[in-house]
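The structure appears below as structure tokens.
The values are calculated or read from the model by the stated rules, or taken from the named source; none is laboratory data. Note that the structure is predicted; figures quoted are calculated from it, not measured. In this analysis, Cβ positions are derived from the backbone assuming ideal geometry, glycine residues included, and neighbour counts consider all displayed protein chains. To get the accessible areas, we keep the full protein, side chains included, count just its heavy atoms, and leave off ligands, DNA and RNA. Shrake-Rupley method; radii C 1.70, N 1.55, O 1.52, S 1.80 Å.
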Amino acid sequence: GRLRLAVGSLEESATRQTALYQVESLVDEISGVGLGRRLGEFWTIFDQLQNTPEDAGLRDLVVAHGASLADSFKYLRGQLVQLGADIDGQIATVVQRADQIAADIAGLNRQISTSEAGRQGQATSLRDQRDTLLRELSRLFDVSVREQPDGAINVYVGSEALIQGSRHRSLVPVTEVDGQFVRTTVRFADTDQQVQLRAGRLAGLMSAREQDAYGRIDAIDQLAAALIGDVNQAHADGQGLVGLRSVTGTYDLLATDAALNSAAAGLAFPPRNGSFFITVADDATGTPVAYRIDVTLSGGAADTTLESLVADFNAQVMGVTATITSDRRLAFVADTGQSFTFGHDGQVHRSDTSGLLAALGINTFFAGSDAASIQVADALQADSRNLAAAVVFLTGDGSNAGRIAGLDTAASTNLARLTGPAVASTSSANPSPSLTDYYAAFVNAIAVSGAAANAGVEATGSILASLTAQKESISGVNLDEEAIALLKYERAFQGAARFVSVVDDLIGEMVALIR
């Protein structure tokens, strides 16, 4: 029994080890996706932009690096989803094999009981076949075995009976689609009850699917969401080389009459109580006129909704009109001969304390909300002059590019808000690590899991070898002893042959005398 449990534990550890090897290859900076390298290049190119913000080629390069980083997120996430699906696809085949083994063992139980009934001795050949099948079954999941007086065995998975004498309960794989993830479970056909697995290949496959493949996706989504939120909040506070004529938010709402920070509104990055500035300039005179738009989100009946925001904006601001698109997004359109910018009052930087511009996707660098949907905003891909490198809309100002570059080491405000099971804070004194630190912790967690899997395979392999040696010391064959026994039988046979030969000769002589 201990030997069977050790076989199951080794199979589970080896299965996890294989899956983690594939995950490690994805985050390898040389042969893998290279997400860490591209994240570093993204911060570096923004750092360079702050020194020469008017360089058109460098602006195009910033946009290209952003697109490359977004592609890396999408590819890594897609590979993890595919890995999870590939692992899940193996489960049905293993379950079908386990069910066939159980049926074969039940059949051997019947033959053994019949063969050994009413006679002494055992049906050794049949028992050997059954032991071989039991060993294979123990590789697939953990089993416990109870032998019965008639020679049959009962096999249990956890506390549930799988085989009782000549009868077995069929096992079936049941596949369900949970959102975008495919999950196959093992169930008893008669009750539809899920089989509780604690060891073996099936347990290893399910652990690898949930923890090593699908489980890592949460961390990647969290990192992408925090990157989008942090960069967009800084970018929305800045200005490009030219004023804006029109801009449409990249994020739509579920309801335009719900408070903007409520679940009913459905924003991935909810705004907060505060205000933002919009500055309108006349093309002819260039004179800027700044307006402060207050956003009330204090949990009261007067909280700002998208509808009330548009009404308040149009009542205060001259030269720019706010509207709600047919798909429930916010849009600003300047009057003829007018342009507008955000984040300053014409003289000094005025931060968006409400976070509303980033929440609605106005004047942002990224669009999307996770690693599956992240991309550079269409306005920047169309015209890199819209890249907001300045904070006061002055020639040569690259301060905002410097702010974005500083997110490399700054504590992430969005990581503090978001939750995720994969990576904890790097320090209790710093409850929110930087985006770079978070990714480093993510990679380290994979390395630690891989090392633990390797150690598990080594440890369970040693235990299995020890138990095998113990078993062989009792039931195994000693070749020296068998050779000695063979010589004894050979000498006994030779002696018997000599005896028969002598008797034969004597009988021959007696027959001759009688004649």
Worksheet item: Is it the case that Arg135 is in contact (Cβ under 8 Å) with a residue 40 or more places away in the chain, open to solvent by 50 Å² or more (accessible area, probe 1.4 Å) and either among the polar types (S, T, N, Q) or closer than 19 Å to Thr93 by Cα (or both)?
Response: yes
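Of these, Ala331, Ala322, which one is part of a strand (DSSP E or B), without any contact (Cβ under 8 Å) to a residue 40 or more places away in the chain and open to solvent by less than 60 Å² (accessible area, probe 1.4 Å)? Quick ask: steps written out before the conclusion?
Working: Ala331 fails: without any contact (Cβ under 8 Å) to a residue 40 or more places away in the chain.
After applying the criteria, what remains is Ala322.
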Response to the item:
Listed by first then second residue, the pairs whose first member lies in the stretch 164-176 and is farther than 19 Å from Asn109 by Cα, whose partner is loosely packed, with under 14 Cβ neighbours inside 10 Å, with beta carbons under 8 Å and at least 6 positions apart or on separate chains, are Val172/Ala189; Pro173/Gln96; Val174/Asp192
Fill in: Qualifying positions in the stretch 188-203 - farther than 26 Å from Leu3 by Cα, at pLDDT 85 or above and either open to solvent by 60 Å² or more (accessible area, probe 1.4 Å) or β-branched (Val, Ile, Thr) (or both)
Asp190, Thr191, Gln193
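May I ask you to say which residue of Ala102, Ala123, Ala117 is out of contact with any strand residue (DSSP E or B) (no Cβ under 6 Å at 6 or more places or on another chain), open to solvent by less than 30 Å² (accessible area, probe 1.4 Å), closer than 16 Å to Gly165 by Cβ and touching a residue at least 12 places away in the same chain (Cβ under 8 Å)?
Values: Ala102 fails: out of contact with any strand residue (DSSP E or B) (no Cβ under 6 Å at 6 or more places or on another chain); Ala117 fails: open to solvent by less than 30 Å² (accessible area, probe 1.4 Å).
It is Ala123.
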Worksheet entry | Pick from the stretch 138-150, criterion out of contact with any strand residue (DSSP E or B) (no Cβ under 6 Å at 6 or more places or on another chain) and over 25 Å from Ile91 (Cβ atoms), ranking: least open to solvent (accessible area, probe 1.4 Å) | Gln148
Worksheet item: Mind checking which pairs have a first residue in the stretch 195-221 that is closer than 27 Å to Phe73 by Cβ and a second that is surrounded by 20 or more Cβ atoms within 10 Å (Cβ to Cβ) and acidic (Asp, Glu), Cβ under 6 Å, 6 or more apart or different chains?
Response: Arg209/Asp88
Response to the item:
Conditions (1) open to solvent by less than 50 Å² (accessible area, probe 1.4 Å); (2) modelled with pLDDT of 95 or more -> Leu76 fails only (2)
Practice prompt. For residues that are in a loop (DSSP other than H, G, I, E, B) and of a type in the set (D, E, K, R), scanning just the stretch 188-210, find the one that is nearest to the chain's Cα centre (by Cα).
Written response: Arg198
Fill in: Every residue from the stretch 82-99 that is open to solvent by less than 30 Å² (accessible area, probe 1.4 Å) and over 27 Å from Arg135 (Cβ atoms)
Leu83, Gly84
Item to complete: Would you check which residues across the stretch 152-187 are open to solvent by less than 20 Å² (accessible area, probe 1.4 Å) and part of a loop (DSSP other than H, G, I, E, B) and list them?
Response: Ala152, Gly165
Worksheet item: For Thr15, which of the numbered conditions (1) open to solvent by 70 Å² or more (accessible area, probe 1.4 Å); (2) modelled with pLDDT of 85 or more fails to hold?
Response: (1)
Worksheet item: Which residues, counting only those in the stretch 464-499, are in a helix (DSSP H, G or I), open to solvent by 90 Å² or more (accessible area, probe 1.4 Å) and among the hydrophobic types (A, V, I, L, M, F, W, C)?
Response: Ile474, Leu479, Ile484, Leu486, Leu487, Phe493, Phe499
Discussion item. Can you tell me which condition Asn273 does not meet? The list is (1) open to solvent by 20 Å² or more (accessible area, probe 1.4 Å); (2) in contact with a helix residue (DSSP H, G or I) (Cβ under 8 Å, 6 or more places away or on another chain), and all the others hold.
Written reply: (2)
Worksheet item: What are the residues in the stretch 335-386 that are touching a residue at least 12 places away in the same chain (Cβ under 8 Å) and β-branched (Val, Ile, Thr), if any?
Response: Thr341, Val348, Thr353, Ile362, Thr364, Ile374, Val376
Discussion item. Suppose we keep only residues that are closer than 18 Å to Thr353 by Cβ and open to solvent by 20 Å² or more (accessible area, probe 1.4 Å) within the stretch 412-427. Which one would you say is modelled with the highest pLDDT?
Written reply: Thr413
Worksheet item: So which strands (runs of 3 or more DSSP E) stay within the stretch 244-312 end to end and still have 3 or more residues that are small (Gly, Ala, Ser)?
Response: 274-282
Worksheet, complete the sentence: Within the stretch 105-114, the residues that are open to solvent by less than 20 Å² (accessible area, probe 1.4 Å) and either within 24 Å of Met206 (Cα to Cα) or β-branched (Val, Ile, Thr) (or both) are Ile105, Ile112
Response to the item:
Residues of the stretch 334-374 being in contact with a strand residue (DSSP E or B) (Cβ under 6 Å, 6 or more places away or on another chain) and open to solvent by 60 Å² or more (accessible area, probe 1.4 Å), in sequence order, are Arg350, Thr353
Discussion item. If the requirement is being open to solvent by 20 Å² or more (accessible area, probe 1.4 Å), among the small types (Gly, Ala, Ser) and within 29 Å of Asp335 (Cα to Cα), which of these qualifies: Gly286, Gly300?
Written reply: Gly286
